[in-house]
1. Provide a single number: the residues in segment 25-38 that are over 11 Å from the mean Cα position of the chain (by Cα) and of a type in the set (Ser, Thr, Tyr).
2. Within segment 101-110, how many residues are in a loop (DSSP other than H, G, I, E, B) and either modelled with pLDDT of 95 or more or surrounded by 15 or more Cβ atoms within 10 Å (Cβ to Cβ) (or both)?
3. For residues that are within 15 Å of the chain's Cα centre (by Cα) and assigned to a loop (DSSP other than H, G, I, E, B), scanning just segment 39-53, find the one that is farthest from Ala71 (Cα to Cα).
4. With (1) surrounded by 14 or more Cβ atoms within 10 Å (Cβ to Cβ); (2) at pLDDT 95 or above as the list, and Thr52 as the residue in question, which single condition is left unmet?
5. Within segment 25-41, identify whether any single residue is over 16 Å from Thr5 (Cβ atoms), of a type in the set (A, V, I, L, M) and either surrounded by fewer than 16 Cβ atoms within 10 Å (Cβ to Cβ) or touching a strand residue (DSSP E or B) at 6+ places or on another chain (Cβ under 9 Å) (or both), and answer yes or no.
6. Filter segment 1-38 for residues that are of a type in the set (A, V, I, L, M, F, W, C) and not in a strand (DSSP E or B) and give the result.
7. Scan segment 1-33 for residues that are among the polar types (S, T, N, Q), in contact (Cβ under 8 Å) with a residue 12 or more places away in the chain and under 21 Å from Gly88 (Cβ atoms) and jot them down.
8. Determine the pairs where a residue that is in contact (Cβ under 8 Å) with a residue 24 or more places away in the chain, located within segment 95-110, has a partner that is in a strand (DSSP E or B) and among the acidic types (Asp, Glu) with Cβ atoms under 7 Å apart, the partner being 6 or more residues away or on another chain.
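The values are calculated or read from the model by the stated rules, or taken from the named source; none is laboratory data. If you're wondering where the values come from, they're calculated on a predicted model, not measured in any experiment. So basically every Cβ, Gly included, is an ideal-geometry build from the backbone, and we count neighbours across all protein chains shown.
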Amino acid sequence: MAALTIQLLSDAGTKPTFSAATTADTTAIGNGTNTFVVYKNADTSTHTLTITVAGTTTYGVALPQKTVTIAATTGEVWVPLRKAYDDGTGIAHLALDAATSVTVAVVQVG
C-alpha cells in the first residue's frame, strides 16, 4: 500500500509526476471538490479501480463502492475525490484489480 501525496496544480501550468500504482493506495481527499486521482494504464488489459464509500443507507445497507474502468493500453481516468470517499479521517482508499503498467497521480486545483 502506498500513501499518495497531493500535487498542487498552478496557474503557470503544472505537469504532475506519476508513480507506479499499487493494488491498495490511499490519499487525502482534500476539500472534496477540487482534488482528483489520475490513473494511466499502459497494460494490454483493462483494469478496475474501486473506491471505498463509507457509511450506510437509511435502511442500514452499506453504500455501494465506486468503480471505474480504466481502458487498456492508453486508458486514462480523472476521478474526483468526493467527501463520500472519506473514511472518517480525510483519507480515501483506492483499490486496483491489478497494477501492472498502471501509474497514478493525485492532483489538486490551487
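1. Step one: of segment 25-38, the residues over 11 Å from the mean Cα position of the chain (by Cα) are 30-34.
Next cut, of a type in the set (Ser, Thr, Tyr) only: 33.
Here the count works out to 1.
2. Just the residues of segment 101-110 that are in a loop (DSSP other than H, G, I, E, B), to begin with: 101, 110.
Then keep just the ones that are either modelled with pLDDT of 95 or more or surrounded by 15 or more Cβ atoms within 10 Å (Cβ to Cβ) (or both); that gives 101.
Summing the residues that are in a loop (DSSP other than H, G, I, E, B) and either modelled with pLDDT of 95 or more or surrounded by 15 or more Cβ atoms within 10 Å (Cβ to Cβ) (or both) in segment 101-110 gives 1.
3. That would be Val53.
4. Of the numbered conditions (1) surrounded by 14 or more Cβ atoms within 10 Å (Cβ to Cβ); (2) at pLDDT 95 or above, the odd one out for Thr52 is (2).
5. no
6. Selection gives Met1, Ala12, Phe18, Ala21, Ile29.
7. Thr5, Thr26, Thr27, Thr33, listed by residue number.
8. What qualifies is Val104/Asp25.
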